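K.L.:
I have a structure here, written as structure tokens, and I will follow up with some questions on it.
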């Protein structure tokens, strides 16, 4: 991957990891829903107590680095983690993913590769455990099929009991209600509470039984929806049919639509994360540029105010050397046996004495005052708006 640094920048480790966790979670849920709709036995390998947020708070380091090999290993860890959480029979051996799987490591290539890997591993997990599964029975070729809710007139109206029969028929729900009412030992009359004309009654009935299993009485078509009126139960079933379809074909179509929606959502989130990273990179770059301009300007201001003070100090120090030299050099020559050695000694003593006097009488009050004046700009905020205000204030001086 030749341009990963340009794409991910210094925020890749945290922001990119969070983005990948969301993307892989979305794609996994979409594919699990698709397989559940396609294969009636798929729920047998699903863990109903799985943690849907397994990738939200990982304690392990996902990406060792942002190299191609580091990214591939990180993707493998995330996919392996979420599938082991959701599938009871996830026994796929480690697959050596190649760089070619991810193409040019672009945004689109990574998304497609991850979808392919998850799909392959789910498929192998399911079919390796269910290689003897037969095609599910359907009744889509029968013209008139109904799913119905029946209620007992006496139990419902007089005893306020919310027990309903749910089933399917290829005749009419009314004929089915009359048949049940004529049975031996049946108290009261069974009436049609609601009916739906559907494409595959048996298939839909079985899914409704699964969905409302908590209300079902053992080994019967009767359900005890405690406290729920006929209208409320009918509304729940209508909503279930709308969300899951009335036949395997419709369920697959709905699952595909949902799958595409989830993939689009994941892609949107992924792109949003990348845009955020780019915006943060631009923001920090702009902040650093303004900080540098402010620092350079402050340095120029300090040098400008210090220049006359330093020039005056230099003049004073020069007079120290002149006065001391007038006194010390003649004395040193006169006191020395050789005039050349006296001259050298006089210059040396003049330099030492002048330096000591300049330090003794040095006044740094003005220099300290100037530096304190600009000390508030030593630590600049990481706020672009505040930095622009400081820059405007500084450049007006």
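K.L.:
May I ask you to list the residues in the stretch 169-206 that are over 19 Å from residue 224 (Cβ atoms), free of Cβ contacts under 8 Å to residues at least 40 places away in the same chain and not in a helix (DSSP H, G or I)?
P.N.:
Once the filter is applied, which keeps residues that are over 19 Å from residue 224 (Cβ atoms), free of Cβ contacts under 8 Å to residues at least 40 places away in the same chain and not in a helix (DSSP H, G or I), the stretch 169-206 yields 169, 170, 171, 172, 182, 183, 184, 185, 189.
K.L.:
Still on this structure, I have one more. Specify the residue that is farthest from residue 169 (Cα to Cα); the eligible residues are those in the stretch 218-229 that are out of contact with any helix residue (DSSP H, G or I) (no Cβ under 7 Å at 6 or more places or on another chain) and modelled with pLDDT of 85 or more. Spell out the reasoning first.
P.N.:
Going residue by residue through the stretch 218-229, those that are out of contact with any helix residue (DSSP H, G or I) (no Cβ under 7 Å at 6 or more places or on another chain) are 218-222, 226-229.
Those still in the list that are modelled with pLDDT of 85 or more too: 222, 226-229.
Numbers: 222: 15, 226: 25, 227: 27, 228: 24, 229: 23 Å.
Applying the filter and picking the extreme gives 227.
K.L.:
Please specify each residue of the stretch 347-364 satisfying the condition of being part of a helix (DSSP H, G or I) and either touching a residue at least 12 places away in the same chain (Cβ under 8 Å) or outside the structural domain of residue 325 (by TED's automatic domain parsing) (or both). Show your work before the answer.
P.N.:
Just the residues of the stretch 347-364 that are part of a helix (DSSP H, G or I), to begin with: 347-360.
Those that are part of a helix (DSSP H, G or I) and either touching a residue at least 12 places away in the same chain (Cβ under 8 Å) or outside the structural domain of residue 325 (by TED's automatic domain parsing) (or both): 347, 349, 350, 351, 353, 354, 357, 358.
K.L.:
Then there's this: Test each condition in (1) touching a residue at least 12 places away in the same chain (Cβ under 8 Å); (2) more than 50 Å from the chain's Cα centre (by Cα) for residue 334 and report the one that comes out false.
P.N.:
(1)
K.L.:
Still on this structure, please answer the following. How many residues are surrounded by 13 or more Cβ atoms within 10 Å (Cβ to Cβ) and closer than 18 Å to residue 299 by Cα if we restrict to the stretch 374-390?
P.N.:
Counting residues in the stretch 374-390 that are surrounded by 13 or more Cβ atoms within 10 Å (Cβ to Cβ) and closer than 18 Å to residue 299 by Cα gives 6.
K.L.:
Sticking with this structure for a sec: For the stretch 155-168, check the following and say yes or no: at least one residue is touching a residue at least 12 places away in the same chain (Cβ under 8 Å) and either over 52 Å from the mean Cα position of the chain (by Cα) or not assigned by TED's automatic domain parsing to the domain that holds residue 227 (or both).
P.N.:
yes
K.L.:
What is the one condition in (1) touching a helix residue (DSSP H, G or I) at 6+ places or on another chain (Cβ under 7 Å); (2) at pLDDT 90 or above that residue 251 does not satisfy?
P.N.:
Unmet condition: (2).
K.L.:
Given the criteria modelled with pLDDT under 80, under 25 Å from residue 263 (Cβ atoms), surrounded by 14 or more Cβ atoms within 10 Å (Cβ to Cβ) and more than 19 Å from the chain's Cα centre (by Cα), does residue 97 qualify? Even if it seems obvious, please write down each step before you answer.
P.N.:
Working: modelled with pLDDT under 80: yes; under 25 Å from residue 263 (Cβ atoms): yes; surrounded by 14 or more Cβ atoms within 10 Å (Cβ to Cβ): yes; more than 19 Å from the chain's Cα centre (by Cα): yes.
Yes.
The values are calculated or read from the model by the stated rules, or taken from the named source; none is laboratory data. Here the structure is a predicted model, which is why all the values come from computation and not from measurement. All Cβ positions, glycine included, derive from the backbone under ideal geometry; neighbour counts span all protein chains shown.
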